[in-house]
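Have a look at the structure below before the remarks.
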Amino acid sequence: MAVLDLRRKLAILSDAAKYDASCASSGTSRRDSRGGKGVGSSGPGMGICHAYAPDGRCISLLKILLTNYCIYDCAYCVNRVSSNVPRARFTVQEVVDLTLNFYKRNYIEGLFLSSGIIRSGDYTMEEMVRVVRALRLDRDFRGYIHLKLIPEASPALTAEAALYADRVSINIELPRDDSLARLAPDKDVAGIRRTMGEVRLGIDERSEKGRRVRAPRFAPAGQSTQMIVGADEAADGEILARSETLYGAYRLRRVYYSAFSPIPDATARLPLQRPPMMREHRLYQADWLLRFYGFSRDELIGRAENLDLAIDPKLAWALRHRDRFPVDVNRADREMLLRTPGLGVRTVDRLLAMRRQRRLRLEDVRRLCGGVGKVTPFIVAADWSPLALADAEHPVAPEPRQLSLF
Amino acid sequence: MRVAQLSSETDFDGWRRAARRLRLEGVPPDQALWRVGAGDLFALAEGEMGACAHAAGAFTVPPAFPALAADVVCHRSADRFSRLYNVLWRLKDEPRLLEDRADPDVADALRMAGEVRRASHKMKAFVRFRLLEGVAPETYVAWFEPPHHVLERTAQHFVKRFANLRFSILTPDLCCHWDGAELAFTPGARKEDAPAADPLERDWLTYYASIFNPARLKVAAMQSEMPKRYWRNLPEAALIPALIEAAQERAENMVASEPTQPRKRAPSRTTVALIEAAPSPGDAPGSLEEIAAGVQACRRCDLWRGATQGVPGEGPAHAPLMLVGEQPGDMEDVAGHPFVGPAGQLLDRALAEAGIDRGKVFVTNAVKHFKHELRGKRRLHKTPDAGEITACRWWLDNERRLVRPRVIVALGGSAALAVFGRAMPIMKSRGQAMPLEDGAKGVVTVHPSYLLRVPDAAAKAAAYRDFVRDLTAVAELLRFK
């Protein structure tokens, strides 16, 4: 086999890693390099995105695979065994050096390491743990590390991974267990859930109060997962129901939705199409409504339904519940303000602080929201009532659009 | 007209001293002039403030104000000092002014503070260091052009991050240098003072180009987070136009190209292993291990869909006592073992008080998967229905057949239904030994999670005593063969 130079390997193994949407580097334990011998710092607050690619995604971590050789045959994946993409494999030392060299030049916040499955789950996980062990123990690296867990690996390796990594994740991949069995026949959904459960127990144990001896460090930035949208027939309602279950059962920090995107060298089993980006966007919006706005899934969408692509899910909810509007910004409670289209969590909290001073006018809301076009039909302010809009043309209807001629 | 002289563009302390004195002297905002830099001609103008000002009296400002002012002072706009003084002046009569974010003066100050914080955050992101070649110890230098005066407030971030390296950040206004022990500042520099290249940048560009997914082009989203003003000092930004240009064609080619012929290969080992390990439905399991494996693959009812895993019974293979609960709870579902959650801990305590060694008990559940509904982010227990209990009874019957306990205790109604095959009045029949078809003795009592739910403390203690009494009766049963 031809020996690939490092740059060629980097091209292959970052190209292979780009279908993983996660790149967060936030919300971990506070630490820095003072008093140590290496480099690196991180903290509980906002992460840092060092660059943005033209796909609008941030580049915060060096996101690479240890290898893109894989014994699995998942139809949606560019690295499946039956694909003809070029293959490469980093050595442990190469990943360690690359991470540190990029880090010292301030290109990245840390490493996001994943891998194709080679030989066995345990072998692969062991190789990945070797990388992070070297970074943490030999080089005293204190930046951020996100490690992909291999569900088939033993619990001891999972625990060691969580000892060194800030965040761990296992991708649930598809919203339906049946489609996972069909499209990714080698993956074991029960194993994925069991490992997520292990991680949750490890985190719970670590955060238990009143222990005399604290449990070892365990993934301080929690765990996340990713679901591919549009590779099977699952409706948005089903996808969100699955997310809701995952948040509830395993205390995930995030569920990432990844629009199924064309890959080079696709399989006939899964025809390619343009990625459903708007659908992905609506799912994220609905996910946020579930986590931060007090909505429950069945309020937003039935199990078999799809989210409206033309309007956002909060607006859709408001249009279905016109009896609850308009909302008086000077009197309504926080719960109802959060449910008002155009008002975000921060705006609501600021409104609440401001209205202790005086009665709010439309102009005040405009300054807080940076534009009120969206919110006017739904609110009453000291000098504003949307009554005049009642006879107007549908104030929130989407722009008319020319249908395709073909 | 009064002139206040500040020593530098970011002289917050100087502004603070002068502003305090001006307000105490009752100088209105339109009578105060703010200048940066010492020794210019106009500094001698009438009304200049002496350096050793002794302000008589004091006043208070809301705690948010000094923080806001410290941010705004770093803004690049020329009138930031007078705007701030204007807000300070107004605070005299309107002490809660800052809470009114819609007030134009406050809104402006908040906007400026926000821009400064954003510039500081972006500096943490967009500084690009280059290695000084041939210098030991390892030293890095960056050239950066921040839109506001944020170097001083941001330098500490880099010190914490690279405490064990040497580095300099050069900007047109000010430079900072870290030698491993001290942070020093020097006047502004030129771009040529920083190294022109770094060999590793080629790798970084390779990474940047490869991690980009051409099928998801979203240029506006990129630019809102990485404004063009930063591009000239970002090596990767040079790639952007070419990447955008080629993106559509690359994406269309991927969609249009025919699926390729896969490489010849044997079915992967895992597939084979999974097929072989799959349990054949219907056959009665021959061992507890087979039950444990079978429960994982069980599709007798739909409860497996929402659960993490099936939770089989655990304990000695021929335990004389079998405890049957209702179903695994939130903790049991995640851990894969029965009775490890709060109810399990209560059960352990009660067993110990009744003189029963938990290590010699086989504990299991009537239903092997966790039935629940979501309430917010919590999974709340939901009682299994008769259909689910009946479906899962097959596993319990097999556990009973293999373990052959002398006494079986059903904890709660669902367990009683599964053990006796009919609904039992728990409170009426609790604690009594009743013969079962397989020759064992059956006893019913309450489920320990019931004890957790009794609201009143006294009633809770009483219920717990009754529970221990039932278990003590069971211990008696075990003693007499």
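For B:Ala197, the conditions (1) more than 7 Å from every other protein chain (Cβ to nearest Cβ); (2) buried (at least 18 other Cβ atoms within 10 Å of the Cβ); (3) aliphatic (A, V, I, L, M) all hold with the exception of (2).
State yes or no: is B:His75 at pLDDT 95 or above and either within 25 Å of A:Met354 (Cβ to Cβ) or not hydroxyl-bearing (Ser, Thr, Tyr) (or both)? Criteria met by B:His75. Considering the stretch B:89-119, and only residues there that are over 22 Å from B:Arg16 (Cα atoms) and either within 27 Å of the chain's Cα centre (by Cα) or of a type in the set (Ser, Thr, Tyr) (or both), the residue that is surrounded by the most Cβ atoms within 10 Å (Cβ to Cβ) turns out to be B:Ala119. The numbered conditions (1) within 24 Å of the chain's Cα centre (by Cα); (2) within 7 Å of chain B (Cβ to nearest Cβ) are all true for A:Ser60 except (2).
One residue stands out among those in the stretch A:94-131 that are touching an Asp or Glu at 6+ places or on another chain (Cβ under 9 Å) and hydrophobic (A, V, I, L, M, F, W, C): the one that is farthest from the other protein chains (Cβ to nearest Cβ), which is A:Val129.
Picking from A:Ala156, A:Ala134, A:Ala181, which residue would you name as being within 12 Å of chain B (Cβ to nearest Cβ), aliphatic (A, V, I, L, M) and surrounded by fewer than 24 Cβ atoms within 10 Å (Cβ to Cβ)? Working first, answer last.
Details: A:Ala156 fails: within 12 Å of chain B (Cβ to nearest Cβ); A:Ala134 fails: within 12 Å of chain B (Cβ to nearest Cβ).
One residue alone meets the criteria, A:Ala181.
Scanning the stretch A:20-53 for residues that are crowded, with 18+ Cβ neighbours inside 10 Å, assigned to a loop (DSSP other than H, G, I, E, B) and facing chain B (nearest Cβ under 9 Å) yields A:Asp32, A:Ser33, A:Gly38, A:Val39, A:Gly40, A:Ser41, A:Ile48, A:Cys49, A:His50, A:Ala53. Remark: pairs (first residue in the stretch B:221-239, closer than 15 Å to B:Val127 by Cβ and more than 9 Å from chain A (Cβ to nearest Cβ); second residue hydrophobic (A, V, I, L, M, F, W, C) and assigned to a helix (DSSP H, G or I); Cβ separation under 6 Å; 6+ apart in sequence or on different chains) = B:Tyr230/B:Phe126; B:Trp231/B:Ala237. Taken as a whole, the condition of being over 29 Å from B:Asn398 (Cβ atoms) and assigned to a helix (DSSP H, G or I) applies to B:Ala459.
Each row is one residue, and each column tells you yes or no for (1) crowded, with 21+ Cβ neighbours inside 10 Å; (2) aliphatic (A, V, I, L, M); (3) in a strand (DSSP E or B).
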site: B:Asp333; (1), (2), (3): yes, no, no
site: B:Phe339; (1), (2), (3): yes, no, no
site: B:Gln345; (1), (2), (3): no, no, no
site: B:Arg349; (1), (2), (3): no, no, no
site: B:Phe362; (1), (2), (3): yes, no, yes
site: B:Phe370; (1), (2), (3): yes, no, no
site: B:Leu374; (1), (2), (3): no, yes, yes
site: B:Leu380; (1), (2), (3): no, yes, yes
site: B:Pro384; (1), (2), (3): yes, no, no
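I'm trying to understand the selection: among the residues of the stretch A:56-85, which are aliphatic (A, V, I, L, M) and part of a loop (DSSP other than H, G, I, E, B)? Listed by number, the residues that qualify are A:Leu66, A:Ile71, A:Ala75, A:Val78, A:Val81, A:Val85.
If the condition is being part of a helix (DSSP H, G or I) and in contact with an Asp or Glu (Cβ under 8 Å, 6 or more places away or on another chain), then the stretch B:55-84 contributes B:Val73, B:Arg83. Criterion first (of a type in the set (A, V, I, L, M), over 15 Å from B:Val407 (Cβ atoms) and either in contact (Cβ under 8 Å) with a residue 40 or more places away in the chain or not in a loop (DSSP other than H, G, I, E, B) (or both)) does B:Met322 satisfy it? No, not satisfied.
For the stretch A:314-332, indicate whether the set of residues that are part of a strand (DSSP E or B), within 13 Å of chain B (Cβ to nearest Cβ) and at pLDDT 90 or above is non-empty. Looking through the stretch A:314-332, none of the residues is part of a strand (DSSP E or B), within 13 Å of chain B (Cβ to nearest Cβ) and at pLDDT 90 or above.
The values are calculated or read from the model by the stated rules, or taken from the named source; none is laboratory data. Please read all numbers here as calculations on a predicted model, not as lab measurements. Virtual Cβ from ideal backbone geometry, glycine too; neighbours counted across all protein chains shown.
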